[in-house]
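In what follows, a structure is listed as structure tokens, so that the remarks can point back to it.
The values are calculated or read from the model by the stated rules, or taken from the named source; none is laboratory data. None of the values given here were measured: they were computed from a predicted structure. Using ideal geometry, Cβ is built from the backbone for each residue, glycine included, and neighbour counts are taken over all protein chains shown. In case anyone asks, the SASA skips ligands and DNA or RNA and just uses the protein heavy atoms, side chains included. Shrake-Rupley method; radii C 1.70, N 1.55, O 1.52, S 1.80 Å.
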Amino acid sequence: LINAKLMCAQMAGADRRDADLTGALLLSAQLEGADLSGAKLTNARFIRANLTRAKMIRADLIRTNFEAADLTEADLSGATFYEGSLAAARLINTSFEGAVLASCVVRGCSLWEPKLQGARQLHLIISAPEEPVVVVDSLEAALYLHHRLYGEGREPDMAGVTGRDRKSTRLNSS
């Protein structure tokens, strides 16, 4: 399924363990309960996909895009998620236990009771592409700071944020 283009695909409950979906586009795909454990999902795009209760245990999620995807109760334990996007994704009871999340866009995601034990979270980006880069080192901090800076319908309020030149600001959760 390398570079496959699957629009509105009905793949609920599919078993695609260890599959190679490098560069695949799954636009509005229905993958509820699918098993993608160990899959290579490099550069894959799950835009507005339903991945509720999907398993992506130890999956390779390098530059994977989950923009506006529903990852409610999904299991990404042990996954490597680097330079990807969770922008506007729904992350309710989602497991990232033992996963690595680094240099990912998390702007506008919905986060509720994530499972993060043992997860490494680094350089999570909450700013819009046209704004000064703001990064944090935890999903919880990302959610809090995004609401504080942007709020609903507000322009970013960078007055209380310090940084050398405000082009890039790093905020740690500790």
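Only DSSP H runs of four or more residues enter the estimate; each adds -39500 (n - 2.57), and after division by the residues of the chain the mean residue ellipticity at 222 nm equals -2000 deg cm²/dmol.
Across region 134-142, rounded Karplus estimates of 3J(HN,Hα) from the backbone phi angles (6.51 cos²θ - 1.76 cosθ + 1.60, θ = phi - 60°) give 10, 10, 9, 10, 7, 4, 4, 5, 4 Hz, Gly and Pro being marked x. Local charge for A69 was computed over the other residues whose Cβ lies under 11 Å away, with Lys and Arg +1 and Asp and Glu -1, and equals +1.
Using C-alpha pairs below 8 Å separated by at least 6 residues, the relative contact order for region 61-101 is 48 percent. Estimated from the Cβ-Cβ distance and a Förster radius of 25 angstrom, the FRET efficiency linking E130 and I47 is about 0.80. Note on region 9-34 and region 41-107: Cα centroid distance 13 Å, given to the nearest whole angstrom.
Could you tell me the number of lysine pairs in the chain with C-alpha atoms less than 29 Å from each other, where the two lysines are 8 or more residues apart or belong to different chains?
For the chain, qualifying lysine pairs total 5.
Amide hydrogen proximity for V105: with H placed 1.01 Å from N in the peptide plane, the residues at 5 or more positions away or on another chain lying under 5 Å are G84, S85, L86, I125. Under a 5 Å amide H cut-off, with hydrogens placed 1.01 Å from N, K115 pairs with T94, S95, F96 among residues at least 5 apart or on other chains.
Across region 105-120, computed HN-Hα scalar couplings (Karplus, 6.51 cos²θ - 1.76 cosθ + 1.60, θ = phi - 60°) run 7, 10, 4, x, 6, 9, 10, 8, 6, x, 9, 10, 4, x, 6, 9 Hz from first to last residue, x flagging Gly and Pro. Full extension of the chain between Q10 and Y144 yields a length gain of 44.7 nm, computed as 0.36 nm times the residue separation minus the alpha carbon distance. When you count the other C-beta atoms within 10 angstrom of each residue and take the mean per peptide, 66-78, 105-117, 8-20, 83-95 line up highest first as 66-78, 83-95, 105-117, 8-20. Checking every one of the GluC sites (Glu not before Pro) in region 88-142 against DSSP loop status and a limit of 15 other Cβ atoms within 10 Å picks out E130. When the solvent-accessible area of the chain is split by element, carbon and sulfur atoms take up 48 percent of it, the probe being 1.4 Å.
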